[in-house]
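Student: Dropping the structure in here first, questions after.
The values are calculated or read from the model by the stated rules, or taken from the named source; none is laboratory data. Please read these numbers as outputs of a predicted model, since none were measured by experiment. FYI the Cβ positions are ideal-geometry reconstructions off the backbone, even for glycines, and counts take in every protein chain you see.
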Number of protein chains: 2
Amino acid sequence: MISQSMYALGANRSCIRELFEYGLKQAQIVGKENVFDFSLGNPSIPAPDTVQEAFQSLSAQEDSLAVHGYTPAAGCPDARIAAANDLTARFGVPIRPENLFFTCGAAPALISVVRALAVEDAEILAIAPFFPEYRPFVEQNGAKFTVVPADTDTFQIPVAGVEKKLTPHTQGIIVNSPNNPSGVVYSRENLAALAELLTRKSQEYGHPIYILADEPYRELVYDGLEVPFIPAVYPNTVVCYSYSKSLSLPGERIGYVCVPDCAADSEELFAAVAGAARVLGHVCAPSLQQQVAARCAEIRPNLEAYDRNRRTLYDALTAYGYACVKPNGAFYLFVRAPGGDAQAFSDRAKKENLLLVPGGDFGCPEFFRASTCVSHDMILRSLPVFQRLIAEY
Amino acid sequence: MISQSMYALGANRSCIRELFEYGLKQAQIVGKENVFDFSLGNPSIPAPDTVQEAFQSLSAQEDSLAVHGYTPAAGCPDARIAAANDLTARFGVPIRPENLFFTCGAAPALISVVRALAVEDAEILAIAPFFPEYRPFVEQNGAKFTVVPADTDTFQIPVAGVEKKLTPHTQGIIVNSPNNPSGVVYSRENLAALAELLTRKSQEYGHPIYILADEPYRELVYDGLEVPFIPAVYPNTVVCYSYSKSLSLPGERIGYVCVPDCAADSEELFAAVAGAARVLGHVCAPSLQQQVAARCAEIRPNLEAYDRNRRTLYDALTAYGYACVKPNGAFYLFVRAPGGDAQAFSDRAKKENLLLVPGGDFGCPEFFRASTCVSHDMILRSLPVFQRLIAEY
């Protein structure tokens, strides 16, 4: 008499988590320096000084109730104002504090939007490769989950492929750029083509198809590349953000939903997001973390370490003969597995204590993901193993 | 094409929140000292020194990633160990760290258990008076919500009333003691009678009926009263806890679900709670707050101020002729409205800038709730208004 779907979701460990724990165990046997763990997408650079100082000075404040008390459900005014001002200044789309709803990170942000859109027979699309949690997030919150197969040559959005999956029940499409796992940033042209399609089909179906822009990696981008702000390209966009990666605060659960005024029915949608958050158990985002976000809205991460890792690993792997689209963002490489079966290749690599995530759950079973939010030394030590492995194929 | 149930939940403000905001507005017109706001259940005493010191010393730690990084989904080992040890030492029911799943407060804790039990046609009972959010928490997470009418003479659990509402589909009953809004602590005898009933009906139906013990007020109890630990009385109990009230950290969103080994199918249920949390958007409870909880598991609040408020307000109101069961816990008085219609009485009081929550949403429309987590001065200033009002009836 226990929900079997919930049991299955709780009992079946994620492959990523299992690899990570295998790595910890192996480190005790063969030594930490002989395990090459590329499994987790866990920031490896410390939080910026300003962020750490904000935690310290807020914690030292006299008025405990002001620091640790309830905030309004949508967030404390300071955090909403600071984030709205920062977005408006950077992206040229006017964002008001009232457009922002602070959440315990990007996961409940995204799920709140899914539930807000989960009318009868609702369908939500995701584009492969995609973060595997999207599937349970959508399927267990009232909508059908539909996957658009990847364009494995570029990992840009396959717009013709999206068109094939659209139906009159499509309520939204999740767009994650910079992308986990590919590290690719969708180009403005690519997004404009998607926008053209969605505009046309929204008219045809007689209701808006929303983009759910999942943007935890928005600030993690290299080579001076621009990450287009999607509401500027397609107005019916809801942005889900997290400070986890940009401020290296993944455990602190602070992010927001932004429903801009330009989105169709934005007030009604915002209210529905608030209602959905409520039945997910949201009371407010952690108060201290909100106040840190209020003080640090304009802080950007120092990406030097991630960038060096990205270049070192990309250059070495492609030199050895691995095929990989060069990532411009996030902290992952998504590499075609020699032999074409990423599960088999990952299993083989595991025997060398090289831990790579096979791409099946991401919707691309021929690719593996290697995180570059690791130590540079570990990358250097791992290179001979990568070289040896491809020589076997 | 937006979910109308989510919209309604987001657009319809809670009556408590509206009263509170009305009070803020009136304060600007008539002066803060002339508004008597008894609406919110918001801790009014600062966090204990040890708690504030824990925030400060953790925030000052060198290793930012250790403080702010992801923890395992169920919580960081230190927090689970500290809470398990504290529970075991106090209540004599062995609790292991593996029985605890840390959450962003009591709301997602309770909802995770509801979803874990939400098999087809599942029913969850609540006993009036009850926290109004229970209704959307249950109804929007896959189960039918059934209310057991209150025993308004004592506000103890009306065991015969519970029996009338049990069906073969009953999966659980929410038990909230000390109770919001009545402030009553259910006695051991009362809980034993409920346990006897649930044991008998579980056997009859062939499946366990769980108690969902919602215990954010567990440490807020007066007159040296004992709050029975429900798993010691009825093994099939899952405890949902929050540090919001006990450590005066309501905005910080830190609590846990405890599935003790003595509960039926405890391992399966724990996994289902973890799976449910996942699809509610749980990644981990805020990392810094978990570490504070780890250091402060044995800290109890100083209740002097709440206790003085409780006695002052209870003594005065009963002296004026109001009827009220004396609360032994939490920080509320639940008072029979003169005239028998709490909505009408609350509206009348509002004209005097005395803000009281009518009990309709709590399942008791003849009673109003007055929070005692307020300043003692405000209580003293409000007393003539209470006295004047009852004289009208």
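Student: Of A:Thr312, A:Thr318, which residue is farther than 20 Å from A:Pro216 by Cα, free of Cβ contacts under 8 Å to residues at least 60 places away in the same chain, surrounded by fewer than 20 Cβ atoms within 10 Å (Cβ to Cβ) and more than 14 Å from chain B (Cβ to nearest Cβ)?
Tutor: Going through A:Thr312, A:Thr318 in turn, just one is farther than 20 Å from A:Pro216 by Cα, free of Cβ contacts under 8 Å to residues at least 60 places away in the same chain, surrounded by fewer than 20 Cβ atoms within 10 Å (Cβ to Cβ) and more than 14 Å from chain B (Cβ to nearest Cβ): A:Thr318.
Student: So, one more: Conditions: (1) touching a Phe, Trp or Tyr at 6+ places or on another chain (Cβ under 9 Å); (2) of a type in the set (A, V, I, L, M); (3) away from chain A (no Cβ under 14 Å); (4) buried (at least 18 other Cβ atoms within 10 Å of the Cβ). B:Val138 meets all but one. Number of the miss?
Tutor: If we test B:Val138 against (1) touching a Phe, Trp or Tyr at 6+ places or on another chain (Cβ under 9 Å); (2) of a type in the set (A, V, I, L, M); (3) away from chain A (no Cβ under 14 Å); (4) buried (at least 18 other Cβ atoms within 10 Å of the Cβ), just (3) comes out false.
Student: Next question, about the same structure. Output the residue which, of all residues in segment A:337-348 that are surrounded by 23 or more Cβ atoms within 10 Å (Cβ to Cβ) and part of a helix (DSSP H, G or I), is farthest from the chain's Cα centre (by Cα). Can you show your working first?
Tutor: Of the residues in segment A:337-348, the ones surrounded by 23 or more Cβ atoms within 10 Å (Cβ to Cβ) are A:337, A:342, A:345.
Of the ones still in play, those that are also part of a helix (DSSP H, G or I) are A:342, A:345.
Numbers: A:Ala342: 22, A:Phe345: 25 Å.
Residue satisfying both the conditions and the ranking: A:Phe345.
Student: Among the residues of segment B:243-256, write down those that are assigned to a strand (DSSP E or B) and more than 11 Å from chain A (Cβ to nearest Cβ). It would help to see each step written out before you state the result.
Tutor: First pass over segment B:243-256, keeping only residues assigned to a strand (DSSP E or B): B:255-256.
The one that is assigned to a strand (DSSP E or B) and more than 11 Å from chain A (Cβ to nearest Cβ): B:Tyr256.
Student: From the list B:Val67, B:Val51, which one is under 30 Å from B:Leu380 (Cβ atoms), touching a Leu at 6+ places or on another chain (Cβ under 6 Å), within 14 Å of chain A (Cβ to nearest Cβ) and crowded, with 21+ Cβ neighbours inside 10 Å?
Tutor: Numbers: B:Val67 fails: under 30 Å from B:Leu380 (Cβ atoms).
Selected residue: B:Val51, the only one of B:Val67, B:Val51 that is under 30 Å from B:Leu380 (Cβ atoms), touching a Leu at 6+ places or on another chain (Cβ under 6 Å), within 14 Å of chain A (Cβ to nearest Cβ) and crowded, with 21+ Cβ neighbours inside 10 Å.
Student: So which of A:Glu18, A:Glu33 is touching a residue at least 40 places away in the same chain (Cβ under 8 Å) and in a helix (DSSP H, G or I)? Explain how you work it out, then say what you get.
Tutor: Working: A:Glu18 fails: touching a residue at least 40 places away in the same chain (Cβ under 8 Å).
Among A:Glu18, A:Glu33, only A:Glu33 is touching a residue at least 40 places away in the same chain (Cβ under 8 Å) and in a helix (DSSP H, G or I).
Student: For segment B:115-123, check the following and say yes or no: at least one residue is in contact with a His (Cβ under 6 Å, 6 or more places away or on another chain) and surrounded by fewer than 16 Cβ atoms within 10 Å (Cβ to Cβ).
Tutor: Yes, the conditions are met somewhere in segment B:115-123.
Student: Further question on the same structure: Out of everything in segment B:141-188 that is within 19 Å of the chain's Cα centre (by Cα) and in a strand (DSSP E or B), what residue ends up being surrounded by the most Cβ atoms within 10 Å (Cβ to Cβ)?
Tutor: If we take residues in segment B:141-188 being within 19 Å of the chain's Cα centre (by Cα) and in a strand (DSSP E or B), then B:Gly172 is surrounded by the most Cβ atoms within 10 Å (Cβ to Cβ).
Student: Quick one: B:Leu380 ticks every box in (1) free of Cβ contacts under 8 Å to residues at least 60 places away in the same chain; (2) closer than 29 Å to B:Val221 by Cβ; (3) surrounded by fewer than 16 Cβ atoms within 10 Å (Cβ to Cβ) except a single one, so which number is it?
Tutor: (1)
Student: Continuing with the same structure: Here are the criteria: (1) at pLDDT below 95; (2) within 29 Å of the chain's Cα centre (by Cα). Tell me which single one A:Gln28 does not satisfy.
Tutor: Going through the list (1) at pLDDT below 95; (2) within 29 Å of the chain's Cα centre (by Cα), A:Gln28 breaks only (2).
Student: Given (1) touching a helix residue (DSSP H, G or I) at 6+ places or on another chain (Cβ under 7 Å); (2) in a helix (DSSP H, G or I), identify the lone condition not met by A:Ser202.
Tutor: Status for A:Ser202: all satisfied but (1).
Student: What are the residues in segment A:196-214 that are hydroxyl-bearing (Ser, Thr, Tyr) and over 21 Å from A:Val259 (Cα atoms), if any? Break it down stepwise before answering.
Tutor: In the first step, residues of segment A:196-214 are kept if they are hydroxyl-bearing (Ser, Thr, Tyr); the result is A:199, A:202, A:205, A:210.
Once the filter is applied, which keeps residues that are hydroxyl-bearing (Ser, Thr, Tyr) and over 21 Å from A:Val259 (Cα atoms), segment A:196-214 yields only A:Tyr205.
Student: Name every residue in segment A:71-127 that is of a type in the set (Ser, Thr, Tyr) and more than 26 Å from B:Met1 (Cα to Cα), in order of residue number. First the steps, then the outcome.
Tutor: First, pick out the residues of segment A:71-127 that are of a type in the set (Ser, Thr, Tyr): A:71, A:88, A:103, A:112.
Within segment A:71-127, A:Thr71, A:Thr88 qualify.
Student: Taking only segment A:261-284 into account, find how many residues are under 25 Å from A:Ala297 (Cβ atoms), surrounded by fewer than 24 Cβ atoms within 10 Å (Cβ to Cβ) and out of contact with any Gly (no Cβ under 9 Å at 6 or more places or on another chain).
Tutor: Looking only at that region, the number is 5.
Student: Another question, then. Report whether or not B:Gly75 is more than 9 Å from chain A (Cβ to nearest Cβ), surrounded by 17 or more Cβ atoms within 10 Å (Cβ to Cβ) and touching a residue at least 24 places away in the same chain (Cβ under 8 Å). Break it down into steps so the answer makes sense when it comes.
Tutor: On the way: more than 9 Å from chain A (Cβ to nearest Cβ): yes; surrounded by 17 or more Cβ atoms within 10 Å (Cβ to Cβ): yes; touching a residue at least 24 places away in the same chain (Cβ under 8 Å): yes.
The answer is yes for B:Gly75.
Student: Select from segment B:364-378 the residues that are over 15 Å from B:Glu352 (Cβ atoms) and hydrophobic (A, V, I, L, M, F, W, C) and list them in ascending order.
Tutor: Residues of segment B:364-378 that are over 15 Å from B:Glu352 (Cβ atoms), as a first pass: B:364-367, B:369, B:371-377.
B:Cys364, B:Phe367, B:Cys373, B:Val374, listed by residue number.
Here is a yes/no grid of residues against (1) on the phi > 0 side of the Ramachandran plot; (2) touching a residue at least 60 places away in the same chain (Cβ under 8 Å); (3) at the interface with chain B (Cβ under 7 Å from one of its Cβ atoms):
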site	(1), (2), (3)
A:Asp265	yes, no, yes
A:Gly275	no, yes, yes
A:Arg278	no, yes, yes
A:Ala285	no, yes, no
A:Leu288	no, yes, yes
A:Glu298	no, yes, no
A:Asn302	no, yes, no
